[in-house]
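Worksheet: one structure, shown below.
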Amino acid sequence: MKHTLLCWHSRIPFHHKWHKLFSTKYKNLVPSLHANWTRNYAAEPKSDVLPLELIRNIGISAHVDSGKTTLTERILFYTGRLAAMHEVKGKDGVGAKMDSMELERERGITIQSAATYTSWKNHNINIIDTPGHVDFTVEVERALRVLDGAVLVLCSVGGVQSQTLTVNRQMKRYNVPCIAFINKLDRQGADPYRVVRQLRSKLGHNAAFIQLPIGLEGECKGVIDVVARKALYFEGQQGSEVVEGEVPADMVEEVEERRHELIEHLSNADDILGEMFLEEKTPTIEDIQAAIRRATIAKSFTPVMVGTALKNKGVQPLLDGVLSYLPQPDQVVNHGIKNISDTQSETVVLDPARNNNQFLLALAFKLEAGKFGQLTYMRIYQGCLKKGDSIYNTRTRKRIRVARLVRMHSDEMETIDEAYAGDICALFGIDCASGDTFVTDKDKINYSMESIHVPLPVISKSIKPVDKKSADNFSKGLNRFTREDPTFTVYFDAESRETIACGMGELHLEVYAQRLEREYFCKCILGKPKVAFRESLLSPVQFNYLHKRQSGGAGQYGRVIGQLEPMPMEQCTELEFSDETIGTNIPKVFVPGIKKGFQQQCEKGPLTGHKVTGVRFRLQDGANHAVDSSEYAFQLAAEGAMEDCYEFGQWHILEPVMSVEVNAPLEFQGQVMAGLNKRNGVIINQDSHEGWFTIESEVPLNAMFGYSTDLRSSTQGKGEYSMEYSRYCPALPATQAELMEQYAQLNSEAEKNKKKKGKN
């Protein structure tokens with residue numbers, strides 16, 4: 001009976017009709033579950049439609065290995081969603097709930113973001129646990145796009161690390177307020193005060209402690225609430241009981257100092273508390289808490305909380321902080337785009353009221369292949385979505401019927417009948433892409449939501465199945481993965497006759513190769529990594545090209561005149577077409593053909609055959625023929641103009657540069673710096689702390705292959721590094737010469753093969 005209750009409770013929340021039975025008959029049978037139930041579900045039966053003030057949509061984000069998934073596991077346990085806690089690496093054969101993929105449990109990392117929901121103090125909290133590794137950064141992008149707030153988890157030893165900077169940029173991009181949670185206070189070398197200094201200096205946050213740790217490392221006993229001046233201890237089975245106490249005598253002075261510091265930082269961020277500070281009034285606990293909430297939602301202040309998720313300390317106060325300081329859905333202003341015409345649009349403010357008066361506007365932010373077909377995760381921004389409704393995809397304009405509506409709990413789901421503004425739900429059988437917008441009213445099909453920022457792939461490898469019999473499964477798997485992950489792209493290279501997979505890093509591609517083997521029984525071979533080099537122009541070049549062909553009947557005629565010029569370095573990955581023609585020398589109907597010819601010719605550059613980027617095609621004049629001109633003729637004219645620019649222009653190669661952060665013991669600092677210099681790295685910053693050093697540098701991606709092996713050998717296996725894309729910059733002359741030589745050899749081999757085929 002006990003086992004049945006545990007399993008059942010771990011999957012679905014108790015309905016109110018079971019309250020009486022559970023709180024009496026089974027009270028002594030499962031004490032820990034009874035405590036969780038009493039705390040979270042013992043209130044009077046609630047309406048199905050929760051008011052917006054009782055809803056929070058949050059994400060757990062951080063650098064890799066900061067404890068995000070462990071923290072989420074504790075949150076689910078203390079809120080009664082899980083009957084037992086398990087560890088991330090799955091040593092007990094179970095693994096963390098949010099790491100549902102076997103590969104995640106084996107590697108001990110999060111690969112896919114996972115959604116769940118739980119209840120704490122009568123509030124419904126939707127949670128998305130995101131990956132920390134830079135290779136899966138798109139999972140963080142699309143999660144933060146649809147969330148109202150976030151918990152930024154920081155390791156008390158590592159502090160602000162490379163991926164923390166990326167997550168911080170993503171939060172700024174989508175205007176997401178956050179609470180900082182300094183985790184792993186039990187680790188040797190824990191220093192939360194250093195982490196707060198880094199929050200202020202490296203991330204530019206106006207941050208201050210609202211909690212202090214009682215002891216560090218092995219002496220970590222609890223936390224102190226700086227606002228309320230009380231100590232919190234976590235006792236009972238697995239820290240489920242929060243016991244309040246007096247502030248330890250040796251910490252009273254520090255608490256007062258930190259409280260004064262908190263009020264100072266808040267006064268700079270909040271006008272109401274600032275006036276009280278100037279008038280020398282003493283703010284009450286309620287005044288400070290209200291100021292923290294206002295300033296956090298306005299993104300002018302970041303409250304800092306502390307704890308250790310692994311040792312079950314500080315999690316419940318963090319949940320209280322989520323309810324107290326992060327915004328409810330109607331406190332975040334969300335905008336939609338109303339497309340008036342093909343060239344004109346306006347921004348509209350969405351109404352998040354939980355009623356049926358507004359038309360539905362929902363964003364599909366994540367796709368996943370489930371047991372019953374494609375599973376589409378959706379955030380509802382306006383209106384109501386019900387089972388059986390017909391909805392329209394505003395991109396494809398197709399009508400779709402909602403056959404099943406669910407709420408997700410990692411890899412499990414609960415069927416629901418309706419979802420309102422502020423909810424995150426999932427649908428089956430929806431044919432769409434990540435970032436599509438859905439409406440219920442056909443007349444509102446001209447509305448859409450701002451799409452999700454998708455970073456460009458930086459690395460590519462050839463990929464092929466070991467066994468030709470697996471070709472069908474190979475193509476099925478690749479089709480599914482490219483739909484789910486917009487940073488993973490696949491194309492067939494006609495020259496090398498190979499399938500090329502592009503992604504955000506070596507780990508990214510390795511994971512998909514392993515998933516093909518496990519999920520589609522298709523073992524694959526990955527070729528050598530290929531860097532996504534780009535070619536660009538050094539100085540402007542004029543073009544005046546006439547395309548003229550007569551072969552009986554209507555011929556082809558088109559002249560294009562203009563200039564091809566380089567764009568600024570910050571736009572070196574973009575292409576721009578500018579139509580500056582006046583009059584009727586080139587009819588406007590032919591301009592799309594010129595643009596198409598320009599873009600097609602940019603697919604293959606003159607130096608190494610890589611894509612051409614960072615150039616602006618300025619069409620200034622031209623000529624047409626009354627009979628022989630056509631869109632296709634002008635497309636060929638544009639291609640010819642680009643070939644002239646390739647021949648007479650000055651071109652150079654761009655390569656991706658990565659931000660590399662290395663951590664190792666101080667005794668190996670010389671070897672690490674020498675290794676980075678050998679790879680043409682530029683040292684940006686250095687820092688040392690308690691016998692360890694951190695080096696931040698920028699290194700060309702082409703020089704980073706095999707670095708993990710070199711770093712382990714030079715630091716006796718103690719060093720570790722993280723890497724993320726930074727920008728494109730001109731390649732070194734030696735790199736450029738090597739690439740051009742390789743391209744010339746490939747071309748000569750291709751010519752020889754053509755001649756052989758011709759003779760045969």
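The figures follow:
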{"quantity": "Relative contact order for the chain, counting Cα pairs under 8 Å that sit 6 or more residues apart, in percent", "calculated": "9 percent"}
{"quantity": "MRE, 222 nm, helices only [DSSP H, n ≥ 4, -39500 (n - 2.57), over the chain, to nearest 500]", "calculated": "-9500 deg cm²/dmol"}
{"quantity": "Most to least packed among 212-222, 67-77, 609-619 [average Cβ atoms within 10 Å]", "calculated": "67-77, 609-619, 212-222"}
{"quantity": "Sorted by Cβ neighbour density within 10 Å, fewest at the top, the residues D320, D330", "calculated": "D320, D330"}
{"quantity": "Amide hydrogen neighbours beyond the local backbone of F543, cut-off 5 Å, H modeled", "calculated": "G562, Q563, L564"}
{"quantity": "Most positive-pole-ward Cα, Y491, P529, S470, against dipole of the range 459-532 from beta carbon charges", "calculated": "S470"}
{"quantity": "Exposure proxy order (Cβ contacts within 10 Å, fewest to most) of L575, L363", "calculated": "L575, L363"}
{"quantity": "Radius of gyration, Dmax [the range 335-449; alpha carbons; angstrom]", "calculated": "13.6, 43"}
{"quantity": "Lysine pairs meeting the criterion (Cα under 18 Å, 8 or more apart or interchain), as found in the range 459-532", "calculated": "11"}
{"quantity": "Per residue Cα convex hull volume in Å³ - calculated over the range 459-532", "calculated": "82 Å³"}
{"quantity": "Packing rank of 392-405, 276-289, where each peptide gets the mean count of other beta carbons within 10 Å, highest leading", "calculated": "392-405, 276-289"}
{"quantity": "Placed amide H near C384: partners under 5 Å, 5+ positions off or other chain", "calculated": "L360"}
{"quantity": "Among beta bridges that DSSP assigns inside the range 513-625, antiparallel share in %, nearest 5", "calculated": "75 percent"}
{"quantity": "Cα-centred dipole magnitude for the range 635-744, charges only on beta-carbon of K, R (+1) and D, E (-1), debye, nearest 20", "calculated": "420 debye"}
{"quantity": "Semi-axes of the equivalent ellipsoid for the range 536-649, Cα gyration tensor, largest first, Å", "calculated": "25, 15, 11"}
{"quantity": "Integer Hz, Karplus 6.51/-1.76/1.60 couplings in order for the range 696-705, x for Gly and Pro", "calculated": "9, 9, 10, 10, x, 4, 4, 9, 8, 5"}
{"quantity": "Sequence-separation-based contact order of the range 653-734, relative, with Cα cut under 8 Å and 6+ spacing, percent", "calculated": "48 percent"}
{"quantity": "Cα centre as origin, Lys/Arg/Asp/Glu Cβ charges: the chain dipole, Debye", "calculated": "2900 debye"}
{"quantity": "Ordering of 381-390, 665-674 by packing [mean C-beta count within 10 Å, highest first]", "calculated": "381-390, 665-674"}
{"quantity": "Alpha-carbon centroids, the range 322-395 and the range 628-653: separation in whole Å", "calculated": "43 Å"}
{"quantity": "Coarse-grained scattering of the range 264-350 at q = 0.14, 0.15 Å⁻¹, given as base-10 log I(q)/I(0) from a Debye sum over alpha-carbon atoms", "calculated": "-0.67, -0.72"}
{"quantity": "Ranking of I128, I653 by count of other Cβ atoms within 10 Å, fewest first", "calculated": "I653, I128"}
{"quantity": "Semi-axis lengths, Å, the range 456-592, gyration tensor of Cα atoms, sqrt of 5 times eigenvalues", "calculated": "42, 21, 14"}
{"quantity": "Calculated from backbone phi, Karplus (6.51, -1.76, 1.60) coupling profile of the range 281-292 in Hz, x at Gly/Pro", "calculated": "7, 8, x, 7, 4, 5, 4, 5, 5, 5, 5, 4"}
{"quantity": "Cα-based helix-to-principal-axis angle, 162-173 vs the chain, degrees rounded to 10", "calculated": "80 degrees"}
{"quantity": "Integer Hz, Karplus 6.51/-1.76/1.60 couplings in order for the range 335-342, x for Gly and Pro", "calculated": "10, x, 10, 9, 7, 7, 8, 5"}
{"quantity": "Whole-number percent relative contact order across the range 295-429, with pairs defined as alpha carbons under 8 Å at least 6 apart", "calculated": "18 percent"}
{"quantity": "Long-range HN-HN contacts of G222 with modeled amide H, under 5 Å", "calculated": "I214"}
{"quantity": "In degrees, nearest ten, helix 631-648 long axis to first principal axis of the chain (Cα)", "calculated": "90 degrees"}
{"quantity": "Charge dipole (debye, nearest 20) of the range 536-649; +1 at Cβ of Lys and Arg, -1 at Cβ of Asp and Glu", "calculated": "260 debye"}
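None of the figures in this text is laboratory data; all of them are computed from the coordinates on show. What you are looking at is a predicted structure, and each value in this text was computed from that prediction instead of being measured. When we count neighbours, we look across all protein chains shown, and the Cβ atoms used for this are built from the backbone with ideal geometry, even at glycine.
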